1. Looking for something over 19 Å from MET85 (Cβ atoms), within 21 Å of the chain's Cα centre (by Cα), modelled with pLDDT of 95 or more and crowded, with 16+ Cβ neighbours inside 10 Å - is there at least one such residue anywhere in the stretch 294-310?
2. Inside the stretch 245-326, counting only strands (runs of 3 or more DSSP E) that do not spill past its ends, which hold 2 or more residues that are among the hydroxyl-bearing types (Ser, Thr, Tyr)?
3. Going by the structure shown, is VAL255 surrounded by fewer than 19 Cβ atoms within 10 Å (Cβ to Cβ), among the hydrophobic types (A, V, I, L, M, F, W, C) and modelled with pLDDT under 95?
4. Just to verify a result, which residue in the stretch 200-230, among those that are open to solvent by less than 80 Å² (accessible area, probe 1.4 Å) and in contact with a His (Cβ under 7 Å, 6 or more places away or on another chain), is farthest from ALA276 (Cα to Cα)?
5. Report those helices (runs of 4 or more DSSP H) wholly inside the stretch 146-237 carrying at least 3 residues which are aliphatic (A, V, I, L, M) and over 22 Å from VAL265 (Cα atoms).
6. Of all the residues that make up the stretch 64-97, how many are under 21 Å from the mean Cα position of the chain (by Cα), among the small types (Gly, Ala, Ser) and buried (at least 17 other Cβ atoms within 10 Å of the Cβ)?
7. Any idea which of (1) in a helix (DSSP H, G or I); (2) surrounded by 15 or more Cβ atoms within 10 Å (Cβ to Cβ) is the one ALA126 doesn't satisfy?
8. Can you tell me which residues in the stretch 136-145 are surrounded by fewer than 19 Cβ atoms within 10 Å (Cβ to Cβ) and assigned to a helix (DSSP H, G or I)?
Amino acid sequence: MSDLAAPTDIDARLEGHRRELTGYCYRMLGSAFEAEDAVQDTMVRAWRSFDRFEGRSSLRSWLYRIATNVCLDMLNAGNKRARPMDLTESTPVAQAALNSRPEMTWLEPVPDGRVLASVEDPAETAVGRETIRLAFMAALQHLPPKQRAVLILREVLAWKAAEVAELLETTVASVNSALQRARSTLAEAEPAATDTADPLDEEQQKLLARYVSAFEGYDMQALTALLHEDATLSMPPYDLWLRGHDDIVGWMLGVGEVCRGSRLVPVVANGTPAFAHYHPSQSGEGFDPWALMVIEITEGRVAGITSFLDVERWFPLFDLPPKLEA
């Protein structure tokens, strides 16, 4: 690298692929922070070996090969993420108890802007949002690592079978076989179809406005009217989850009563509507971070509420203020 400008040029070329690589690694790993670590590792490896990159493939393909190997190494170490409903049965509210599990257990939320590349094709944008939904991400966790890579590369990123075979250093027949098995597993897992924010239509916007009004006003009758009869509520890092609007309302009028008087700030997470949930401050002044609340909508009603409670991790990731004034 005798040319003094070369390192800067290399950095710029590599950085141009960071966001899409982060999206790929997030789908592989199920963790926003692990995805960023994997991409950083990929960039370091690429920078160090750039002088050996002979251009026999595109820079993008070369980076995806490195990223895939990084992710496979991480997944072979046993990393597998889940939602509470993947680990336990739903609990009647009368028997509800909060049992925390380690951070590495949970499928993590992610801001769209960190993982979805800006594209002009609406269909490509829709696929991007669809394939970072929590339900789809949870289904991916059922796949062995290499099948997961094949499915994401073929079905999400629209790579050709020959390109994937070259990346994985295998045959087209092997890639097609892995894709078929992955599709079969996903069909059994059946990721629920939920609405994405691409953008929200008028009815969805009205639904969310009514949800905010009901939640902030702690109007349980109004909230019940917005929930599917078998809607779910989960609160990672606790493995407890509730099913049905009766149990959800029962929780909110019991242990969840502490949320009365909260404020919700709209954001977007995992391609779907979400809210930064701020709780009345114990000091009596303003509101403090309480949860990142991801909303899943189907058929005009709220089908799922996932409140990620580790706000020290999530609020900075989503560039959310550490406090709301009264």
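The values are calculated or read from the model by the stated rules, or taken from the named source; none is laboratory data. The structure presented is a predicted model; accordingly, all values stated were derived computationally and were not measured. In this analysis, Cβ positions are derived from the backbone assuming ideal geometry, glycine residues included, and neighbour counts consider all displayed protein chains. These accessible areas exclude ligands, DNA and RNA; they are computed on the full protein's heavy atoms, side chains included. Shrake-Rupley method; radii C 1.70, N 1.55, O 1.52, S 1.80 Å.
1. no
2. 272-280, 301-308
3. Judged against the criteria, VAL255 is a match.
4. My answer is THR224.
5. 161-168, 172-189
6. 2
7. (2)
8. Within the stretch 136-145, the first condition is being surrounded by fewer than 19 Cβ atoms within 10 Å (Cβ to Cβ), and the residues that meet it are 141-142, 144-145.
Correct list: PRO145 only.
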